[in-house]
Every structure is written in structure tokens, then in C-alpha cells.
1. Given labels modelled 7 Å from the Cα in the Cβ direction, how far is it in nm from ALA283 to TYR303?
2. Using a Förster distance of 41 angstrom, determine the FRET efficiency expected from the C-beta separation of ASN214 and ALA49, and round it to 0.05.
3. Nearest 20 debye, what's the magnitude of the dipole of the chain about its Cα centre given +1 on Lys and Arg Cβ and -1 on Asp and Glu Cβ?
4. Report the FRET efficiency, 1/(1 + (r/R0)^6), for GLU34 and VAL123, where r is their Cβ-Cβ distance and R0 is 22 Å, rounded to 0.05.
5. Rank SER309, ALA215, LEU286 by how far each Cα sits towards the positive end of the charge dipole of the chain (+1 on Lys, Arg Cβ; -1 on Asp, Glu Cβ) and give me just the farthest.
6. Run the numbers for ARG11 and ALA142: contour at 0.36 nm per residue of separation, minus the present Cα-Cα distance, in nm.
7. Residue separation times 0.36 nm, minus the C-alpha to C-alpha distance between SER154 and ASP41: what's the value?
8. Sum up the lysine pairs in segment 176-310 that clear both bars: alpha-carbon distance under 25 Å and a spacing of 8 or more or different chains.
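The values are calculated or read from the model by the stated rules, or taken from the named source; none is laboratory data. The structure presented is a predicted model; accordingly, all values stated were derived computationally and were not measured. Ideal geometry is used to build each Cβ from the backbone, glycine not excepted, and the neighbour counts take in all protein chains shown. Areas reflect the complete protein model, heavy atoms only, side chains present, ligands, DNA and RNA absent. Shrake-Rupley method; radii C 1.70, N 1.55, O 1.52, S 1.80 Å.
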Amino acid sequence: GATPFSSAGRRGATVGFTAARENAAFIAPLLATECSFEKWDVKEAQQLAAAEAAEATSNAQVSLSDQIYAAAFGAQSAMGRSYYTAGASRAAIVAFYERNYILNGAVLAATGIADHEAFLRMVEEEFPSSAPGAAASEGGAAYMGGEARVAAPSTGYAHVALAFEGPTSAPLMNVMKHCLNNGSAMPFGAPGIIGVYGGSEPSGASSTVDALSNAVGSAPSADIVAQAKAAAKTEALTALDSGSQSLADAMTASVLDSSGFSAKALAESYDAITADEIAKAHAAMLKSKVSLAAVGDITDVPYQATIASRFG
């Protein structure tokens, strides 16, 4: 009587169920069930991962996202290695699971619970307390700021991204992201980094980099901050109505950010952000070393050292 969902990112994963309220107490303990790693399940997962890796290799936008992390954190770091893996063995998968997917440090998020105290008692009684595992590490990757280039002249197009170290607060990061949305560049905010990306014909690559640099280099005005706050708040609240997975992701992020969650508190966290906070966050962003990722026909894309000189 439940529908499973899951998602994964560079810093964690979410797995859960959508179920009728009366079934919550029966469904929740399944989240802590040990995985049996049946051969056919592992083989299917390996095939899916290989297909996703192949698609990522052929998609310039996906490759650009992969490369900006390599540039920002170092290609051999936990955060900078490619997100896509085509050749993981069963033993490697099991070892990764046992090392990272443990109850110690996990966040349990649930909605629609009529009796909160009874739900807590169920968690204490039904979730396994033996061998919960050592607390998972943070991943050990620090922001560095560097460069990653993938030359593919046959594409006939240059894709470029600039990134900086981002705020640790999710609401502040989201507002900052919307402050960079000025029409000449596409903004993005992801765990640990914030920036802009764009593309052009190869001959226009230098002008594209100029536009991206201008987009991040100008301090946002009070009007832009107000518009960004409204857009970021709407985006965050809309995500709460976008299904169980989006809601679980939002709740987990809020718990990790502020040790609690409520829709009211989420809205207030955006309302509380001031123009002065944004100005300080923007200045701190520019003080971090710029990262450059370039994919495609990139002969005319300036190198990172040249771009870095624009930001002092």
C-alpha cells in the first residue's frame, strides 16, 4: 500500500514512500531494511548506471555540470569526481552502501502524521538500534577554484560556466541565485557552489565569458534583491506541493540547515533575508576563487587565470 521514490546527489540520497496516513507506522520501518543485493537487481542497476553515463557523455549540458564540480573541487576529490559511474562492481556497490547508507546521521522526514508522539515511539521500537554505523563523513572536499575543459570541436558550439563558493544557508543560496538572473546568463545554485552559465557559437565565446563575468560581478540592487527574495520564496514553497520526493528533499534540507522544518518557518527564512546580507554574501562569493568549466568548441574561451583577474 505504498509507492516508493528515491533521488541521489553528490552529498546524499533520499529514499521514501508515499502511503496512506494509516499505513505510515507499517511503512516507515522499511526504510531501515537491509539491502540483499540480489544479482538481478545489481545487474539492472549497473545497466541503468551505464546508460546514464553514456547519455551524460553525449550531452554537453550534463558534461558541463560534471566539469564545473571538477573545476571547483578538484577532479580527484569526492565532490569533483564524475557523478556518473559505468563500471562499478557488485563488491564496490556493497562497500559504498555499507560505508555511507547508515542510520547514524540520517534524517527521517514524515508528513501527515496525526499522532507525532506515537510515531516517535514506533521509530524507537521498530528501527534497528544495533550496529547503526559510524557517522558518515562530510566528504572531505574543500572548494578550490580551478579549471576544467573538454574539447569537442565537432559540436560547433561553446558551453561555458563560471562558479564560486556559495553560502552554506540554503535560503541565502537560493536568493543569491535569483539575484544573478539578469537575462544575459543562466544562474545555478548547487551544493557548495553558485554561478552562471551560457553558450554561443565558437567565435562568440569570449563575449559570452564577458557577459557571464558581468552577471556575477555586479552587486545586486535593493530592487533586484526584493525580486529575488520573492522568486526564491515562491520556488521553495511551490516545491512543497510538487509531490512526496520534493517535499522530503525540502524537509531534509531544512533540518540540515536549521534543525527543524515547517512551511511557515521556511517562508519566514526567506522574508528575513536582508539586502545587507545579500551584499555581504555577494562580496564573499567574489572573494572565493572563480571556477571555469568549458565544453565543446572552446578554442576561443579564455583561460581561468585570465578570467580570475577580473575579480581581483
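1. In this crude label model, ALA283 to TYR303 measures out at 3.2 nm.
2. On the way: r = 39 Å, r/R0 = 0.95.
Efficiency at R0 = 41 Å is approximately 0.55.
3. Values: 18 positive and 30 negative charges, 138 e Å.
About 660 debye.
4. Working: r = 17 Å, r/R0 = 0.78.
The formula returns an efficiency of 0.80 here.
5. So the residue furthest toward the plus end is SER309.
6. On the way: separation 131, 0.36 × 131 = 47.16 nm, distance 1.29 nm.
So the chain would gain 45.9 nm between ARG11 and ALA142.
7. Details: separation 113, 0.36 × 113 = 40.68 nm, distance 3.79 nm.
So the chain would gain 36.9 nm between SER154 and ASP41.
8. Summing the qualifying lysine pairs gives 12.
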